[in-house]
1. If the reach is capped at under 27 angstrom between alpha carbons, list the lysines near LYS37, excluding any in the same chain fewer than eight residues apart.
2. Would you mind computing, in nm to one decimal, how far apart the modelled labels at TRP54 and GLN114 are, each placed 7 Å from Cα along Cα→Cβ?
3. Computed over the Cα atoms, what is the radius of gyration of region 53-119 divided by 2.2 N^0.38 Å, N being its residue count?
4. Can you tell me the convex hull volume per residue for region 1-49, based on C-alpha atoms, in Å³ to the nearest whole number?
5. Could you compute how fast the chain diffuses translationally, taking Rh as the Kirkwood radius over C-alpha pairs and applying Stokes-Einstein at 20 °C with viscosity 1.002 mPa s? Give it in µm² per second.
6. Please give the charge dipole size of region 1-89, origin at the Cα centre, charges +1 on K and R Cβ atoms and -1 on D and E Cβ atoms. Round to the nearest 20 debye.
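Please treat every number below as a calculation from the coordinates, not as lab data. Everything quoted here is computed from the prediction, not taken from an experiment. Quick reminder, even Gly has a Cβ in these numbers, built from the backbone with ideal geometry, and neighbours come from all protein chains shown.
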Amino acid sequence: MTESTKLETTNDFCFLYSTYPNADAALTAARLVVEKKLVACVNVYPPMKSVYMWEGKRDETSEVAAFFKTRRSLVNAAMNELWSVHPYSVPCFVVLPIEAGSTDYLAWAREQTQQPVTV
């Protein structure tokens, strides 16, 4: 392994997972939090089928999944922004741990989510 491919153990980062009715809604949310430096990157996955109970009836709908890669310290701020533009009345927001990552990727993610210092 070279220095750039070394694996770094970390507690600093996590995935914030959510689902959206379509790619446009997910991309709108993604752009918002990337531009505010609340996440380093967002992966929007192709449509999938979700099966769930809603208001007493089984529902089956097409959705897209979004994985927001962020710092644990920014999860609440990112969720607040995402909630404000989410089209669902009860959006799914689930935080998943990232236990390790390549050293160079984590350095890049830190740079992307560096918050401005306020005085």
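1. Hits, sequence-local ones excluded: LYS6, LYS69.
2. That separation, rounded to one decimal, is 4.2 nm.
3. Output field value: 1.48.
4. 129 Å³
5. 139 µm²/s
6. 120 debye
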